[in-house]
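Working notes, structure below.
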Amino acid sequence: MVFYLPHGQSFYGDAFTGFLTDEQAIADHTIARNGRHISITPRALNLGAFHPKHFIALAEKLEVGELWLIDRVKAEEPVVQITDHRNLSGENTLAGRTPISDRPRFPDVSSIYLKKDLGLPRQVVSTVGHERFSEAQGENVSEVAAQVGLCASYAEMMVVGVGWNSNLDVNGMRLNSALFAERSL
C-alpha cells in the first residue's frame with residue numbers, strides 16, 4: 001500500500017512507526033518504507049507541493065496505481081472513509097498547471113475516490129485547505145483532500161480517502177487499526 005501523508009510520520013501517532021526514510025526524495029516529497037508499505041510526505045505543506053507534475057513523477061517512479069490519502073478531518077468519528085470532496089479551499093491545484101504532456105487540460109474528476117468498503121463511516125468532506133483548517137467549524141471538514149485528490153487523479157492514480165480526527169484518536173491507534181487490519185489489505 002502507498003500512503004500519502006500531508007504531515008510527517010510522527011504526526012500520526014503510532015500508525016506509521018517503523019517506516020524508514022529513503023535517502024533520495026522524489027518530486028519535493030520524502031519517501032519512507034516499511035516492508036511492502038510506502039509513505040509519501042510533501043517537504044512543505046503548501047500549494048507548491050500539490051502540483052500535478054509532482055504526482056505524475058511519484059506515480060511513475062513508485063509505480064503507484066492506488067494512493068491511500070490520510071487527511072486530517074473534523075468528524076464525529078476518529079477515522080472515516082472519504083468518498084468525495086467539495087473544494088472550499090479557494091485553490092484548484094490544476095488551474096494554470098495543465099495540460100502536461102498528452103494529458104487533458106480539463107480532466108474528468110467525477111470519480112477520484114475508490115469506493116471499496118473499508119468498514120468505516122463514509123463521508124463527503126468539505127476541504128478548506130491547510131491554512132484555514134484550524135479555524136474551520138463544523139463536521140466533515142478536511143484539510144487537503146481536494147488538493148491531493150485532484151493531483152493524484154490527474155496522475156491517473158485512484159485515491160482511497162481516509163480521514164483522521166486527531167482529537168479523537170490522539171495516539172493514532174484507531175487509524176493504525178483501520179489501515180492495517182486484515183480486511184483493508
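The values are calculated or read from the model by the stated rules, or taken from the named source; none is laboratory data. Quantities reported herein were computed from a predicted structural model and do not represent experimental measurements. Here the Cβ is made from the backbone with ideal geometry for all residues, glycine too, and neighbour counts use every protein chain on show.
If only residues of the stretch 50-102 that are of a type in the set (Val, Ile, Thr) and crowded, with 22+ Cβ neighbours inside 10 Å are counted, the one that is nearest to Tyr12 (Cα to Cα) is Ile70. Within the stretch 38-49, the set of residues being crowded, with 17+ Cβ neighbours inside 10 Å and modelled with pLDDT under 95 comprises Leu45, Ala49. Beta carbons closer than 7 Å, at least 6 apart along the sequence or on distinct chains, never pair a first residue in the stretch 117-131 that is at pLDDT below 95 with a second that is in a helix (DSSP H, G or I) and among the aromatic types (Phe, Trp, Tyr). Screening the candidates Val141, Val162, Val148 for the property of being farther than 22 Å from Phe55 by Cα and of a type in the set (Val, Ile, Thr) yields one hit, Val141. For the residues Leu69, Leu168, Leu118, the requirement of being in contact with a strand residue (DSSP E or B) (Cβ under 7 Å, 6 or more places away or on another chain), over 21 Å from His29 (Cα atoms) and not polar (S, T, N, Q) singles out Leu118.
Within the stretch 132-143, being of a type in the set (D, E, K, R), closer than 21 Å to Leu45 by Cα, touching a residue at least 24 places away in the same chain (Cβ under 8 Å) and surrounded by fewer than 20 Cβ atoms within 10 Å (Cβ to Cβ) holds for one residue alone: Arg132. Criterion applied to Thr41, Thr17 was being under 14 Å from the mean Cα position of the chain (by Cα) and farther than 14 Å from Gly149 by Cα, and the one residue passing it is Thr41.
Val128 falls short of the stated requirement of being under 22 Å from Glu60 (Cα atoms) and either within 16 Å of the chain's Cα centre (by Cα) or not hydrophobic (A, V, I, L, M, F, W, C) (or both). The set of residues from the stretch 155-185 being outside any strand (DSSP E or B) and aliphatic (A, V, I, L, M) comprises Ala155, Met157, Leu168, Val170, Met173, Leu175, Ala178, Leu179, Ala181, Leu185.
A single member of Asp102, Asp117 is closer than 23 Å to Phe50 by Cα and among the acidic types (Asp, Glu), and it is Asp102.
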